[in-house]
Each structure stands twice: as C-alpha cells, then as structure tokens.
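First comes the structure, then the notes that go with it.
Coordinate-derived values only; no laboratory data. In this text the structure is predicted, and so the values were computed from the model without any measurement. Here the Cβ positions follow ideal geometry from the backbone for every residue, glycine too, while neighbour counts run over all protein chains shown.
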Amino acid sequence: MVNLEVNIAGIILKNPVTTASGTFGFGEEFADFIDISKLGAIFVKGITLHNREGNDYPRMAETASGMLNAVGLQNKGIDYFINTIYPSIKNLGTEIIPNINGSVVEEYIEVAEKLNDVDGINALELNISCPNVKEGGMAFGVNCPAAIAVTSAVREVFHKPIIVKLSPNVTDITEIAKVVEGAGADAVSLVNTFLGMAIDANTKKPILSTVTGGLSGPAIKPIALRMVWQVYNAVKIPVVGIGGIMNATDAIEFMLAGATAIQVGTANFIDPQVSVKIIEGIEDYCQKNGISNASDLVGGLIL
C-alpha cells in the first residue's frame with residue numbers, strides 16, 4: 001500500500017491532490033461526478049468581505065491550450081459563506097480551505113478575523129493577486145512591500161496556517177515568496193494566472209469585457225513548473241503547485257519540482273472526474289516505482 005498523505009504546515013491531507021479556487025465552486029457542484037471525500041482538499045471559490053457581482057460578460061474565452069477568465073471574484077461575501085454555504089459543505093469529508101481576497105488590507109483582515117472561529121476551517125489561502133485600490137490597482141503580490149503588508153496583517157489576526165497564493169506576473173517570484181515567508185506565511189501556492197488577452201479579428205474588439213484576463217491551462221505549465229522549482233529552492237515552507245495540471249504525470253512533475261501538494265484547475269472544466277483520476281495515477285506511479293510514501297516525491301528532481 002502507498003501512503004498518499006502529505007503535510008502542509010501541520011495539516012495532514014489524505015493525498016496531495018486538491019482543487020484550485022474558482023474552478024471547483026464550493027465542492028457540492030461536483031458531488032454528482034466524484035466522491036468529494038477522496039480529495040486532499042478543496043480550495044473554495046474566492047471570497048471577499050462584501051457581495052461582488054463580478055465583471056460584465058463575456059468574461060471567459062478559450063485559447064490555444066488554455067483559457068482566459070475575468071470573472072472578477074463573483075461571490076456573496078464572507079458572512080453568506082459562513083452562514084449559508086459552509087454548513088452544507090463542512091461534512092464533505094475533506095479539508096475546506098477558503099481563498100480570501102480584498103481591495104485594501106483592511107478587507108483581508110476582516111475576512112480573516114471572521115474565519116478564525118469557524119470550526120473545521122483549518123487554514124486559509126491568501127490571494128495576493130488582487131488589485132490594491134489604494135495603490136492605483138496594482139496587485140498586492142507584485143511588489144515586496146505590498147506583499148509583506150497584507151501577509152503580516154492577516155498573520156496578526158488569523159491563528160491558523162496561511163497559504164499565500166503568489167502571482168506569476170512578477171520579475172522574480174522567489175523574492176515575493178521569500179518576503180511572505182518572512183511575514184508569516186506557513187506555505188505558498190503558485191502560480192495564479194498569467195495576464196493575457198484575446199482579440200476577435202472580425203470585430204477588431206477584445207473578446208473579454210475587461211480586455212485582459214487570467215490565462216490558465218496547459219499553456220502555462222512549463223512556466224509554472226519552473227517557478228515552483230525556483231520557489232522550492234528559495235524557501236523553507238511548503239509549496240503547493242498550480243498551473244496546467246491535466247493528469248497524474250503533470251502532478252508528479254510538480255511534486256518532483258518541489259510541490260508538496262498540487263491544485264487542479266482548468267482541467268476540472270474538461271473532465272469533472274479528473275482530480276480522482278490524478279489521485280489514482282499518483283498511487284499507481286508510486287506502486288510501480290516502489291515508492292511507499294507519496295511525500296518522498298517532493299523535491300525529487302535529479303539534476
């Protein structure tokens with residue numbers, strides 16, 4: 001038997017396969033397709049302090065080997081999540097990890113404070129790719145001072161593990177990873193989407209209402225893999241790998257590059273059963289290669 005358990009900042013996941021925020025709803029949406037309890041964790045749809053309607057349509061576009069999205073964090077706010085959504089998903093049999101967002105540091109703080117005492121919420125994912133309205137819309141995660149400010153502020157009020165989700169739209173992602181580690185992050189997840197755009201040649205107009213959006217899917221995998229490897233070698237905290245993971249082989253590659261766990265994102269839109277298939281694929285790989293603990297794969301790249 002293969003032991004698939006992995007440890008993220010003291011949280012023991014039954015396996016390294018989790019689902020990426022924004023691609024799996026709140027979990028219940030996929031209950032007709034898979035046994036949710038088989039997952040290592042669900043990183044639920046992004047949550048903000050107040051209700052957000054999201055961006056105007058169209059806000060998704062298919063691209064070569066991927067997709068663009070500009071949904072805009074549509075959700076009904078943290079109170080609605082705690083009072084209405086969480087009670088119906090807390091017994092799904094897997095870790096539920098909220099992904100929190102804000103336009104100013106104070107919003108992050110308030111959302112984190114509200115999650116502190118929610119029984120069964122053992123960690124949060126801090127999305128620092130949001131635009132900081134006080135700084136003219138620049139994302140918190142693209143410069144060190146802003147990344148430090150939001151991470152340290154949430155660290156002060158949230159008493160459980162914090163997984164900081166990093167933006168790839170930076171010159172050197174290791175610098176951001178190192179400063180959030182220093183500011184109190186217990187783990188990092190990467191990468192979030194790359195900034196891209198699509199144009200309709202017939203109308204000469206952008207396809208997305210927002211002009212630009214986040215690129216995800218297989219197209220970003222080689223870059224995401226490189227960034228995970230770089231960050232793994234730059235920090236001492238666990239890394240959660242994200243970016244174009246479509247099958248078990250992709251997941252294993254991310255683990256070899258240094259990811260303790262992985263998130264499945266765009267692939268969920270193509271095959272709602274893909275996450276369970278990846279779990280089975282990792283187990284099969286370990287059995288065939290005489291690996292008794294999946295965690296032994298982490299950082300196993302041979303140079």
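Placing unit charges on each Cβ (+1 for Lys and Arg, -1 for Asp and Glu) gives the chain a dipole about its Cα centre, and among PHE140, ASN116, GLY46 the Cα reaching farthest toward its positive end belongs to PHE140. Cross-linked pairs LYS90/LYS236; LYS14/LYS277; LYS134/LYS221; LYS221/LYS288; LYS45/LYS90: Cα-Cα separations exceed 21 Å for LYS90/LYS236; LYS134/LYS221; LYS221/LYS288. With the cut-off at 1.5 for a/c, could you classify the stretch 1-61 from its C-alpha gyration tensor as rounded, prolate or oblate? Prolate shape, in that a/c is at least 1.5 and a/b is the bigger ratio.
The stretch 123-144 and the stretch 59-83 have their alpha-carbon centroids 16 Å apart.
Around the amide H of THR63, modelled in the peptide plane, lie the amide H atoms of LEU68, all under 5 Å away and 5 or more residues distant in sequence or on another chain. 3J(HN,Hα) couplings calculated from phi for the stretch 188-194 with the Karplus curve 6.51 cos²θ - 1.76 cosθ + 1.60 (θ = phi - 60°) are, in sequence order, 10, 10, 6, 10, 6, 6, 8 Hz; Gly and Pro show x. Here the scattering of the stretch 1-124 is modelled by Debye summation over its C-alpha atoms, one equal scatterer each and no solvent; at q = 0.10, 0.12, 0.20 Å⁻¹ the log10 of I(q)/I(0) is -0.35, -0.50, -1.21. Entry note, the stretch 9-132: relative contact order of 26 percent, from Cα contacts under 8 Å with a spacing of 6+ residues.
Computed over the Cα atoms of the stretch 150-303, pair by distinct pair, the Kirkwood hydrodynamic radius stands at 16.8 angstrom. In plain terms, the residue of PHE254, PHE81, PHE33 with the fewest other Cβ atoms within 10 Å comes first and the most crowded comes last, giving PHE33, PHE81, PHE254.
What is the set of long-range amide H partners of GLU5 at a cut-off below 5 Å, with H atoms built 1.01 Å from backbone N? Hits under the 5 Å cutoff: ALA294. Ranking of GLU5, GLU283 by neighbouring Cβ atoms within 10 Å, starting from the fewest: GLU5, GLU283.
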